[in-house]
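Report on the structure given below.
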Amino acid sequence: MLVGRVAGETRFFDRTVAPCEAAAMAARLDPDLLATPLAEALLRVLDRKTHWAWHYLTEPGLSRGQLLAHFRHEYLVYVRDFPVLLGTSLGRTPPILEVRKSLAENLYEEQTGGLSGSGPHPELFLILMDALGFERSFFADDDGSLTTAARSYRDWIGATVREAPWQVGAALLTIFVEGSRNDRGELLGTFKRPKGETAVLAHPLVRHYGVAADRMALTKAHAAVEGSHRTDAWHMVLTHTPHSSEIAIILVNTMEEALTRWLAYRDSVADAMSLERPPIAPE
Ligand SMILES: [Fe+2]
Ligand SMILES: [Fe+2]
């Protein structure tokens, strides 16, 4: 539930298999690409994209103030401006058709919901927040609501997507920010992303915090399109980054830095939520 994946229109999801789902099922990453050292280096970063406070977010017991602190950070740090960041990344790319097509499709879905038949994902997020009783005005204040580490992470993402080489910004957004520790399993076919009503009913906000299933359009949209986006993202980056090059080194180093900054960001939000850290295990 790090990103409250959302609500609104549901009629497009009444079909048994949406077109984008069919595309996702058909798309598979080339096993030769997945077996490369570059893929392994990037997957090892995502394998560690997990945080000690995560379990609090999947269980009942959080106060309204804690929920608001978490979701306000997620919205202001990357949900609200994610389509714009994708646009910036797209604007840095050379004229490689499949790269531009992949980023443009992702941008189109994030800003309009056009592929999933839903709506703009930042808007779907706010609809979900409304279902929790959090007004839009709670998400209007920018810097004043964020921890220092959250602001730093957000500003660093914004600066990095503007820099060369283009592969770094594209990977930062589509592999690190959109990706998760499930990416390895999803690419190998051992992890099956929950779809449709199954994804909605399993969501902690529905199970523990009383959000009605018909307000979860963001969750349905992500379930419908993200599997395909994951494959597209990995294919784009691994196909168009010269392996064993300086660019590949910069790419892996930037992903490591993203993980470090993300962990600091998540630490800071957990502290703002007054969540108890687990004891440090003895050496
Ligand atoms: Fe996306
Ligand atoms: Fe999204």
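Quick check, is T241 over 16 Å from the mean Cα position of the chain (by Cα), more than 20 Å from Y75 (Cα to Cα), β-branched (V, I, T) and crowded, with 20+ Cβ neighbours inside 10 Å?
On the way: over 16 Å from the mean Cα position of the chain (by Cα): yes; more than 20 Å from Y75 (Cα to Cα): yes; β-branched (V, I, T): yes; crowded, with 20+ Cβ neighbours inside 10 Å: yes.
Spelling it out, T241 is indeed over 16 Å from the mean Cα position of the chain (by Cα), more than 20 Å from Y75 (Cα to Cα), β-branched (V, I, T) and crowded, with 20+ Cβ neighbours inside 10 Å.
Tell me which of these S268 doesn't satisfy, since it passes every other one: (1) modelled with pLDDT of 95 or more; (2) under 30 Å from L115 (Cβ atoms).
(2)
In the list M216, M255, which residue meets the criterion of being away from ligand 1 (no atom under 16 Å from the Cβ), of a type outside the set (S, T, Y), touching a His at 6+ places or on another chain (Cβ under 9 Å) and closer than 28 Å to A104 by Cβ?
M216
Looking at (1) in a helix (DSSP H, G or I); (2) more than 16 Å from ligand 2 (Cβ to nearest atom); (3) in contact with a helix residue (DSSP H, G or I) (Cβ under 6 Å, 6 or more places away or on another chain), which one does R207 not meet, given that it meets all the others?
(3)
I'm checking my understanding of the structure. Among residues of segment 50-78 that are aliphatic (A, V, I, L, M) and more than 15 Å from L275 (Cβ to Cβ), which one is surrounded by the most Cβ atoms within 10 Å (Cβ to Cβ)?
If we take residues in segment 50-78 being aliphatic (A, V, I, L, M) and more than 15 Å from L275 (Cβ to Cβ), then V77 is surrounded by the most Cβ atoms within 10 Å (Cβ to Cβ).
List the number of the failed condition for L188; all other conditions in (1) over 23 Å from L33 (Cα atoms); (2) surrounded by fewer than 19 Cβ atoms within 10 Å (Cβ to Cβ) hold.
(1)
Look at segment 89-116 and say how many of its residues are part of a loop (DSSP other than H, G, I, E, B), within 16 Å of ligand 2 (Cβ to nearest atom) and either among the aliphatic types (A, V, I, L, M) or crowded, with 20+ Cβ neighbours inside 10 Å (or both). Walk me through it before giving the result.
Looking only at segment 89-116, we keep the residues that are part of a loop (DSSP other than H, G, I, E, B), and these are 92-96, 113-116.
Filter once more, keeping what is within 16 Å of ligand 2 (Cβ to nearest atom): 113-116.
Keeping just the survivors that are either among the aliphatic types (A, V, I, L, M) or crowded, with 20+ Cβ neighbours inside 10 Å (or both) gives 113, 115-116.
Residues in segment 89-116 being part of a loop (DSSP other than H, G, I, E, B), within 16 Å of ligand 2 (Cβ to nearest atom) and either among the aliphatic types (A, V, I, L, M) or crowded, with 20+ Cβ neighbours inside 10 Å (or both): 3 in total.
Keeping to segment 261-283, report how many residues are exposed (fewer than 13 other Cβ atoms within 10 Å of the Cβ) and in a helix (DSSP H, G or I).
Residues meeting the conditions: 0.
In segment 117-132, what count of residues is obtained for those that are within 16 Å of ligand 1 (Cβ to nearest atom) and outside any loop (DSSP other than H, G, I, E, B)?
Result for segment 117-132: 5.
The values are calculated or read from the model by the stated rules, or taken from the named source; none is laboratory data. In this text, all values refer to a predicted model and were calculated from it rather than measured experimentally. No Cβ is skipped: glycine too gets one built from the backbone with ideal geometry, and neighbour counts run over all protein chains shown.
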